[in-house]
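Comments concern the structure below.
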Amino acid sequence: LIRKKRETPARAPKLDGKAEAQIIALACSEPPEGYSRWTVRLLASKSVELHFADDISHMLVQRLLKKRNISLT
(Lines give C-alpha, C1' and ligand atoms only; values in the text may rest on other atoms or scores of the structure.)
Protein backbone atom coordinates (compact mmCIF):
# COMPACT_ATOMS: atom_id res chain seq x y z
CA LEU A 1 0.00 0.00 0.00
CA ILE A 2 1.13 3.51 -0.80
CA ARG A 3 -0.11 6.58 1.03
CA LYS A 4 -1.56 9.43 -0.93
CA LYS A 5 0.34 12.74 -0.67
CA ARG A 6 -1.38 15.59 1.16
CA GLU A 7 -2.94 18.15 -1.13
CA THR A 8 -2.40 20.95 1.38
CA PRO A 9 0.63 21.35 3.64
CA ALA A 10 0.28 20.79 7.36
CA ARG A 11 -0.76 23.83 9.35
CA ALA A 12 1.82 25.26 11.75
CA PRO A 13 0.73 25.41 15.42
CA LYS A 14 -0.32 28.85 16.70
CA LEU A 15 1.44 28.39 20.04
CA ASP A 16 4.89 27.11 20.81
CA GLY A 17 5.96 25.64 24.13
CA LYS A 18 7.11 28.98 25.51
CA ALA A 19 3.77 30.66 24.78
CA GLU A 20 1.89 27.72 26.30
CA ALA A 21 3.98 27.99 29.47
CA GLN A 22 3.32 31.74 29.68
CA ILE A 23 -0.44 31.23 29.34
CA ILE A 24 -0.41 28.52 32.00
CA ALA A 25 1.60 30.76 34.33
CA LEU A 26 -0.89 33.57 33.68
CA ALA A 27 -3.81 31.24 34.47
CA CYS A 28 -2.17 30.29 37.78
CA SER A 29 -1.55 33.91 38.76
CA GLU A 30 -3.91 36.32 40.45
CA PRO A 31 -6.74 37.62 38.23
CA PRO A 32 -6.72 41.27 37.16
CA GLU A 33 -8.32 44.00 39.23
CA GLY A 34 -12.11 43.80 39.17
CA TYR A 35 -12.24 40.05 38.42
CA SER A 36 -12.65 37.24 40.92
CA ARG A 37 -11.06 34.60 38.64
CA TRP A 38 -9.62 34.06 35.18
CA THR A 39 -11.90 33.05 32.31
CA VAL A 40 -10.72 31.50 29.05
CA ARG A 41 -11.85 34.58 27.12
CA LEU A 42 -9.98 36.85 29.53
CA LEU A 43 -6.87 34.67 29.24
CA ALA A 44 -7.08 34.76 25.44
CA SER A 45 -7.40 38.54 25.29
CA LYS A 46 -4.64 39.08 27.87
CA SER A 47 -2.35 36.69 25.96
CA VAL A 48 -2.74 38.77 22.80
CA GLU A 49 -2.27 41.97 24.81
CA LEU A 50 0.98 40.64 26.32
CA HIS A 51 2.14 39.41 22.87
CA PHE A 52 2.27 35.70 23.78
CA ALA A 53 0.51 35.07 20.46
CA ASP A 54 -0.60 37.19 17.51
CA ASP A 55 -4.17 35.92 17.49
CA ILE A 56 -5.61 33.26 19.75
CA SER A 57 -9.14 32.03 20.33
CA HIS A 58 -10.68 31.20 23.67
CA MET A 59 -11.22 27.63 22.48
CA LEU A 60 -7.48 27.18 21.92
CA VAL A 61 -6.85 28.37 25.48
CA GLN A 62 -9.54 25.99 26.73
CA ARG A 63 -7.95 23.02 24.93
CA LEU A 64 -4.52 23.99 26.27
CA LEU A 65 -5.78 24.11 29.85
CA LYS A 66 -7.72 20.86 29.48
CA LYS A 67 -4.66 19.11 28.01
CA ARG A 68 -2.62 20.18 31.04
CA ASN A 69 -5.49 19.36 33.46
CA ILE A 70 -5.72 22.92 34.79
CA SER A 71 -9.03 24.10 36.20
CA LEU A 72 -9.92 27.78 36.48
CA THR A 73 -12.45 27.28 39.26
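Go ahead and run the numbers for FRET between R41 and A10, Cβ-Cβ distance against an R0 of 30 Å, rounding to 0.05. Please report the intermediate quantities before stating the final value.
On the way: r = 28 Å, r/R0 = 0.94.
It comes out at approximately 0.60.
State the number of lysine pairs found in the chain whose Cα atoms come within less than 18 Å, restricting to pairs 8 or more positions apart or on distinct chains. Show your work: numbers first, answer last.
On the way: K14/K46; K14/K66; K14/K67; K18/K46; K18/K66; K18/K67.
Close lysine pairs under the 18 Å cut-off: 6.
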Per q in 0.17, 0.19, 0.20, 0.24 Å⁻¹, report the Debye log10 I(q)/I(0) for the chain, using one uniform scatterer on each alpha carbon and no solvent. -0.63, -0.74, -0.81, -1.10
Residue-averaged [θ]222 nm for the chain, counting only DSSP H segments that reach four residues, each worth -39500 (n - 2.57): -13000 deg cm²/dmol
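What part of the accessible area of the chain, given as a whole %, is carbon or sulfur when the probe is 1.4 angstrom? Each step should come with its number before you reach the end.
Details: 3190 of 6120 Å².
On the chain, the fraction of accessible area on carbon and sulfur atoms equals 52 percent.
Using the heavy atoms of the protein chains and a 1.4 angstrom probe, tell me the accessible area per residue for segment 21-63 in square angstrom.
With all protein chains present, segment 21-63 gives 66 Å² per residue.
The values are calculated or read from the model by the stated rules, or taken from the named source; none is laboratory data. A quick note: this is a predicted structure, and the numbers were derived from the prediction, not measured. Ideal geometry is used to build each Cβ from the backbone, glycine not excepted, and the neighbour counts take in all protein chains shown. Accessible surface areas use protein heavy atoms only, side chains included; no ligands, DNA or RNA. Shrake-Rupley method; radii C 1.70, N 1.55, O 1.52, S 1.80 Å.
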